[in-house]
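The block underneath contains the structure these notes are about, expressed in structure tokens.
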Amino acid sequence: MRTYDLLCLLLFVLGSSLTTYAQKRNCGSMHHLEEQLQQDPKMAKKMRSIEAHSMRFNGNSSRMVVTIPVVVHVIYNNATENISDAQIQSQIAILTDDFRRLNADQTNQWSQAADTEIEFCLATVDPNGNATNGITRTSTSRTSFGTNDQMKFTSSGGRDAWPTADYMNFWVCDISGGILGYAQFPGGNPATDGIVVDYQYVGNIGTATAPFDLGRTATHEVGHWLNLRHIWGDGGCSVDDFVSDTPTSDAPNYGCATGHVSCGSTDMVENYMDYSDDACMNLYTLGQKNRMQALFSPGGFRANLLNSTACGTPPPPSSCTDGIQNGQETGIDCGGPDCPPCPCAGTNVTVRITFDQYASETSWQITDAGGTVVASGSNYGSFGNGDTFTETYCLSNACYDFTIFDSYGDGICCAYGNGSYAVTDDSGNTLASGGAFTFNETTNFCLGSGPQPSCTDGIQNGQETGVDCGGPDCPPCTPTGNCIYTTLDFNDFEGGFGLWNDGGSDCRRSFNDRAYANSGSYCVRLRDNTNTSVMTTDNLNLTSYEELTVSFSYLVRLFEGSEDFWLQVSTNGGSSYTTVEEWNLGGEFSNNQRNFDEVVISGPFSANTRLRFRCDASANSDYVYIDDVSIEGCKLAARGSGGEEILPDASNNDVSSRGQMEEATEAISDMRLFPNPTSDQLNVTFQLAEASHVQLTVIDINGKVWQLQQFNAGSGRQETEINVNDVPAGYYFIRMQAKDQQLVDKFVVVK
């Protein structure tokens, strides 16, 4: 054979091979997920929380069909890549048909096929409140993109995401490497949240290329975006996709391998999450539906989309002379980018925030003396590391609190970038500034002369300890019958006995038995039944307390028969003791099991009150290990002159009586915590009488705030979650506030 003919043959074979390879579906979502997990140490924890929420969702919901607003960002290098509006509209229609099981090619082969009750619409309102067709177009000098998210940033030749709380971002571009598309799973960076599809596989007209010309690439990637895995679980027969009604498989199916058997069952090659050709795909299952719908249930990762108005009626065109505040105006016919500035009758205050690499975790608010929010900001997911937000607000001359929040609890400086914030007035004076904090930081400032605190203004201000009472300038606050708890002492015995005392040879602060400590390396070990089998407090002056609560962790070894241990109280300096609680083997505890308990002791108490734990066992080898002992005291609450109860602030190391309300009307009630104790996730359920803004604060026994969540909730039974993976072992309080009322309860973190 001549060399020329041989070369032609080789080129033909190679071309055929490449063509065959190009006909196979290739999704980059799992590879992209692996890269994100390596780059973002927080994402794995968020995904575990999302997975736990998904497992609890039972699929029952009275909610109407979910409609997801979509913005399509077309990134093009040439006219071919700049696909038409009609092609995009065909894709949105296909998504709705596929997810609602309205697709004309559906079959009845699989009985578990389901309408997912999810629809899609092109956005009609942009993030600034202006009318839009839901499509952005960006010309780029890049000839192609990979799976490293560069198409998602204007700075790298792409287009920045629209706020992910209101839109599903859908990027269309040329993807290299034979990738048809990829998606970001729930839990990732909001700035990159969404799906990406190559321009050749969008919709069913225009550039749509067989065998992926029916829009199913986007259907597949949106499935990932809604927390679905590939049908084979990206592993062998022992790996699953977390959905019970999809058959186990060991690898992807290509083409249309109908009837293919693996892992002892027929593969569901028609499922949108396999690698089959578009014409072969036609269903999601009921189990996949429930997994997706869990994201929109209360507390779900994508539940914010239910409140989006991005597919609503766009506002009418605005003008600066129509006598209405509309468009981007900040006042009537003034302010915003198009109208002249509004005159300020008070003081212009500028808020400037430079973000770290987790801008989505940052929010802030300015509240007046009555607690009303007069300015606020959140949803900064589109901002990158080092980007700056600046906005100016006109505030009346008065006193305010500026509070900045970080939902993860590591501030905006300095572990993940050098973020900072500053609040200044129109004269350039700094009113608040910082960056290194935990969950929140509050600074008070006054504008102009501002109102001066007085004992008759109905506000707790100045040095008052209650509303118009307490402090050096106002009359004392009068008592009421409600009880306010204060932490008197907490000891984990890492630094010594503290106010507790070693009873002698049968009591010791133990390091050798550190395996039995609840936290740290030390605990107290008691044994036998002798006068030294005790740990006792100093004399405590508790005359002003109505009630005590003693909380602790314990573990018992080798107790037998009726052996037990006791908590006792003395009001005469230890001359005599009264047993207030006892713990019996087989009743309250079993050997070698960690337990947590709390005992409420009613007063009155004296100026020389003592508490003690005593062991009642028979031999030297019978042990009880006691750790993390908290003593709380309940004092009468204070009332202002107007009769309104004053609830303590976490900064004063006080929390309110558990389960007590500020007022008789229960705007918030029936708060429940489970599991309690917990090691990673705490569920909080509660009842709201009506829709309201809810603030949830996690406080340790020293008054330190570990987490702060704020959200709007509807009336009725509600549920939220608290991730305590990074919270040390110990006792904590949850304070939940709604409509100026609050409930407080305790929970325990174990590690």
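Annotations for the structure displayed:
- When the charge dipole of the chain is built from unit charges on Cβ atoms (+1 for Lys and Arg, -1 for Asp and Glu) and taken about the Cα centre, the candidate among Asn518, Gly287, Gly434 whose Cα reaches farthest toward its positive end is Gly287.
- Given charges at Cβ of Lys, Arg, Asp, Glu: the chain dipole, positive-most of Gln357, Thr537, Asn326: Gln357
- Centre separation in Å (Cα based) which lies between segment 349-388 and segment 95-141: 32
- Shape category assigned to segment 112-214 from the gyration tensor of Cα positions, a/c cut at 1.5: rounded
- Apportionment of accessible area to carbon and sulfur, the chain, percent (1.4 Å): 48
- For the set Val374, Val66, the ranking by accessible area, highest first and with no ligand, DNA or RNA atoms included, is Val374, Val66 under a 1.4 Å probe.
- Arg508 long-range amide H proximity, modeled H, under 5 Å: Arg525
- Cut-off under 5 Å, modelled amide H: who pairs with Tyr275 long-range: Asn253
- Nearby aspartates and glutamates by direct alpha-carbon distance to Lys42 (threshold 18 angstrom, same-chain neighbours under 8 apart not counted): Glu34, Glu51, Asp193, Asp356, Glu361, Asp406, Asp410, Asp680, Glu721, Asp726
- Peptides 102-115, 386-399 ranked from most to least packed, by the mean per-residue count of other Cβ atoms within 10 Å: 386-399, 102-115.
- For segment 368-428: Kirkwood Rh in Å [reciprocal of mean 1/r, alpha carbons]: 13.9
- Segment 556-625 and segment 206-230: distance between their alpha carbon centers, rounded to Å: 64
- Judged by the ratio a/c of the largest to the smallest principal axis of the C-alpha gyration tensor, segment 203-304 counts as oblate, that ratio being 1.5 or greater while a/b is no larger than b/c.
- Nearby lysines by direct alpha-carbon distance to Lys45 (threshold 21 angstrom, same-chain neighbours under 8 apart not counted): Lys751
- 0 to 90° range, to nearest 10: angle between helix 3-22 axis and the chain longest Cα axis: 40
- A protection proxy built from the mean count of other Cβ atoms within 10 Å ranks the segments 589-600, 401-412, 298-309, most packed first, as 401-412, 298-309, 589-600.
- Per residue, the solvent-accessible area of segment 247-349 (1.4 Å probe, heavy atoms of protein chains only, all protein chains present) comes to 43 Å².
- Nitroxide proxy distance, nm - points 7 Å out along Cα→Cβ at Ser376 and Gln593: 4.4
- Projected over every direction and averaged, the convex hull enclosing the alpha-carbon atoms of segment 486-528 yields 3.6 nm².
- Volume per residue that the Cα convex hull of the chain spans, once the total is divided by residue count, Å³: 226
- The calculated FRET efficiency for the pair Leu306 and Ile205, based on their C-beta separation and a Förster distance of 41 Å, comes to about 0.85.
- In terms of overall dimensions, the C-alpha atoms belonging to segment 73-155 reach 48, 32, 24 Å along their principal axes, ordered largest to smallest.
- With 10 Å bins beginning at zero, the pair-distance distribution over Cα atoms of segment 260-322 amounts to 16, 25, 24, 18, 10, 6, 2, 0 %.
- Cα-centre dipole for the chain with unit charges at Cβ (Lys and Arg positive, Asp and Glu negative), debye to 20: 1140
- The heavy atoms of Val705 offer some 30 square angstrom of accessible surface to a 1.4 angstrom probe.
- Within straight-line cross-link reach of Lys635, lysines at Cα separation under 28 Å, skipping those fewer than 8 residues along the same chain: Lys704, Lys739, Lys746
- Sequentially through segment 742-747, phi angles give Karplus couplings (6.51, -1.76, 1.60; θ = phi - 60°) of 8, 10, 10, 9, 10, 9 Hz, Gly and Pro residues having no value and appearing as x.
- Normalised by residue count, segment 154-203 yields a Cα convex hull volume of 93 Å³ per residue.
- Estimated [θ] at 222 nm from DSSP helical runs (n ≥ 4, -39500 (n - 2.57)) normalised by residues in the chain, nearest 500: -3500 deg cm²/dmol
- Convex hull projection area averaged over all views, segment 251-386, Cα basis, nm²: 15.5
The values are calculated or read from the model by the stated rules, or taken from the named source; none is laboratory data. As the structure is a computational prediction, the values presented were derived from the model and not from experiment. All Cβ positions, even for glycine, are placed from backbone atoms using ideal geometry, and neighbour counts span all protein chains on display. Heads up: the accessible areas ignore ligands, DNA and RNA and are worked out on the full protein's heavy atoms, side chains in. Shrake-Rupley method; radii C 1.70, N 1.55, O 1.52, S 1.80 Å.
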